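Values quoted throughout were computed directly from the atomic coordinates according to the rules given, and no laboratory measurement underlies them. What you are looking at is a predicted structure, and each value in this text was computed from that prediction instead of being measured. Please note: Cβ atoms are built from the backbone with ideal geometry, for glycine as well, and neighbour counts cover all protein chains shown.
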Amino acid sequence: MEPVYRSVIGIARTVFAFEGLKFEVEGEEHIPATGGAVIAVNHTGYMDFTYAGLPPRRVKRYIRFMAKKEVFDNKISGPIMRALKHIPVDRGAGAQSYKAAVDSLRKGELVGVYPEATISRSFEIKEFKSGAARMAIEAGVPIIPTVIWGAQRVWTKGYPKRLGRTNTPISIAVGELIAPVGPPNELTDKLRSVMQKMLLELQEGYHHEPGAYWVPARLGGSAPTLEEADKLDAQDLAARAAKRVE
């Protein structure tokens, strides 16, 4: 029994209803009723982790998300994150975070990971870090690819929140389990390829407004291309590094 997590989900569902969010979920049957698994999620907005938690509820399961340590340090969000048994990621002590995730997987937990590591400003699938593949291999658990489309319309990097009643459609697809076999780099490439294909399929049935900021350039939107977004990310990293030096 997890009263805190259950209560938080209840509140989230109430908020979703207030916002008029319209969820379309496919592939829920791929979430196993028991056993550990890495839930790999694409990252387009600040709220997509809340949406990724919906498919596992079909079998009454919860995801333990890996989230940056700063969220746990916050006096408001920190106690909640710890109560939900999410996993803090300290960039200065990555090995400890990785070990905590592997331990959770071995205990039969679902661990949520963003292989892109940061929000994709292009809303395309960025290059993946190998962490999801490495922890799946080490823990001996499958990877479950999960793709969300529409989350960027609610709240994403560089744009105001739209948390009112927007009636935004959110599409979620859960893919077939990927076995934890092969070198980490090959498994990472396979995972990215699968999730790219899943994203394209989700986008096919979604109405995209021409020129909208949340629509990829490839689909006629004003979002930066993947290459342009990567340059913006690099500039941000350089600016943060310079600030730390100061």
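What the table shows:
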{"read-out": "DSSP beta bridges in the chain [antiparallel fraction, %, rounded to 5]", "value": "20 percent"}
{"read-out": "Approximate spin-label separation R165-D90, in nm, with each point projected 7 Å along Cα-to-Cβ", "value": "4.6 nm"}
{"read-out": "Cβ crowding within 10 Å averaged over residues, with 82-89, 30-37 ranked highest first", "value": "82-89, 30-37"}
{"read-out": "Relative contact order (%) - criterion: Cα under 8 Å, at least six apart; region: the range 1-241", "value": "26 percent"}
{"read-out": "Per-residue [θ]222 nm for the chain (sum of -39500 (n - 2.57) over DSSP H runs n ≥ 4, rounded to 500)", "value": "-12500 deg cm²/dmol"}
{"read-out": "Given K126/K157; K126/K231; K22/K161; K99/K157; K60/K107; K126/K190, the pairs whose alpha carbons are separated by over 20 Å", "value": "K99/K157"}
{"read-out": "Computed label-point distance, nm, for sites D236 and D189 using a 7 Å Cα→Cβ extension", "value": "2.8 nm"}
{"read-out": "Burial order of peptide ranges 155-166, 206-217 (average beta-carbon count within 10 Å, highest first)", "value": "206-217, 155-166"}
{"read-out": "Cα centre as origin, Lys/Arg/Asp/Glu Cβ charges: the chain dipole, Debye", "value": "920 debye"}
{"read-out": "Loop GluC sites (Glu not before Pro), the range 73-137 (other Cβ atoms within 10 Å of the site Cβ: 14 or fewer; DSSP)", "value": "E127"}
{"read-out": "Qualifying chymotrypsin sites (Phe, Trp or Tyr not before Pro) in the range 28-129, DSSP loop, other Cβ atoms within 10 Å at most 15", "value": "Y46"}
{"read-out": "Of the GluC sites (Glu not before Pro) in the range 163-227, those whose Cβ has at most 13 other Cβ within 10 Å and which sit in DSSP loop", "value": "E176"}
{"read-out": "Stretch gain in nm, segment E138-M1, where the contour uses 0.36 nm per residue and the Cα spacing is subtracted", "value": "46.5 nm"}
